[in-house]
Amino acid sequence: MLNTNFSERAVVNTLTAPWQASPAALVQRRLIERDGGEVARATSIVRYDAGARFQSHLHDLGEEILVLEGQLSDAQGDYGPGAYIKNPPGSSHAPFSENGCTLLVKLRHLDPNDQERVVVDTARATWFPGMVAGLSVLPLSSFEGQHTALVRWAPGTFFSPHRHHGGEEIYVVDGVFEDEKGRYPAGTWIRSPHLSQHQPFSREGCLIFVKTGHLPAAQ
């Protein structure tokens, strides 16, 4: 049980979290949030050494992956740096990495009715202007009130104060993200509960992975 109270704000510097063994040889993980044992609702940084592979396994409540470094593969393709993969509830695969990779992985948090598999090569996809000057947005997945996206902040970009209906989760991929509560360099994970409010900005510029609308309204 780790960071399981969704009514509380949580911040984790994943770069200082210890690497822990996984069920697969040559695969380690840094735990960010976890509710359960090996079958758990979880968010982790996962590292595959060269030649690592998992046996085929089922994702009964889905999986989202962002490839941070290297290349992940499975029977359906190869996924290089920046690739986003959503494997829907009920899907299965046997992932591996020939030369090693590092991933942000979210497990068992998708709506059971969300049955769309999504793969986005974010290095080649079309970005869109954000709600304020200096923001660029790349939508990755949406289902009813849940949304996943990459957001790029140009240096000196400031956003207006706002609330998060259904909460917000951020992983800082690059640069430094900030708000009135703190400063969050690359590798930081921030989870803000339902109806929380902040005023984010980035003086230096950053790239963040954002998921909204997926947290419960009450704990």
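The values are calculated or read from the model by the stated rules, or taken from the named source; none is laboratory data. Quick caveat, the model's predicted, so the values are computed rather than measured. For neighbour counting, all protein chains shown are included, and Cβ atoms are generated from backbone atoms with ideal geometry for every residue, glycine included. When the accessible area is computed, the model is the full protein with side chains, heavy atoms only, and any ligands, DNA or RNA have been set aside. Shrake-Rupley method; radii C 1.70, N 1.55, O 1.52, S 1.80 Å.
Can you spot a residue in segment 96-105 that is open to solvent by 20 Å² or more (accessible area, probe 1.4 Å), hydroxyl-bearing (Ser, Thr, Tyr) and over 23 Å from residue 19 (Cα atoms)?
The answer is no, given that none of the residues of segment 96-105 is open to solvent by 20 Å² or more (accessible area, probe 1.4 Å), hydroxyl-bearing (Ser, Thr, Tyr) and over 23 Å from residue 19 (Cα atoms).
Residue-by-condition table, conditions (1) touching a residue at least 12 places away in the same chain (Cβ under 8 Å); (2) of a type outside the set (D, E, K, R); (3) more than 17 Å from residue 210 (Cα to Cα); (4) crowded, with 19+ Cβ neighbours inside 10 Å:
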{"residue": "20", "(1), (2), (3), (4)": "no, yes, yes, no"}
{"residue": "35", "(1), (2), (3), (4)": "yes, no, yes, no"}
{"residue": "41", "(1), (2), (3), (4)": "yes, no, yes, no"}
{"residue": "58", "(1), (2), (3), (4)": "yes, yes, yes, no"}
{"residue": "71", "(1), (2), (3), (4)": "yes, yes, yes, no"}
{"residue": "79", "(1), (2), (3), (4)": "yes, yes, yes, yes"}
{"residue": "90", "(1), (2), (3), (4)": "yes, yes, yes, no"}
{"residue": "113", "(1), (2), (3), (4)": "yes, yes, yes, no"}
{"residue": "121", "(1), (2), (3), (4)": "yes, no, no, no"}
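Could we say that residue 191 is crowded, with 17+ Cβ neighbours inside 10 Å, touching a residue at least 60 places away in the same chain (Cβ under 8 Å) and in a strand (DSSP E or B) here?
In short, yes.
Is it fair to say residue 154 is out of contact with any strand residue (DSSP E or B) (no Cβ under 7 Å at 6 or more places or on another chain) and open to solvent by 20 Å² or more (accessible area, probe 1.4 Å)?
Yes: the conditions hold for residue 154.
Please note which strands (runs of 3 or more DSSP E) are completely contained in segment 29-72 and include at least 1 residues that are at pLDDT below 95 and either within 22 Å of residue 98 (Cβ to Cβ) or not aliphatic (A, V, I, L, M) (or both).
Counting at least 1 such residues, we get 40-48, 57-59.
With respect to residue 36, is the statement that it is under 27 Å from residue 152 (Cβ atoms) and more than 18 Å from the chain's Cα centre (by Cα) true?
The answer is no for residue 36.
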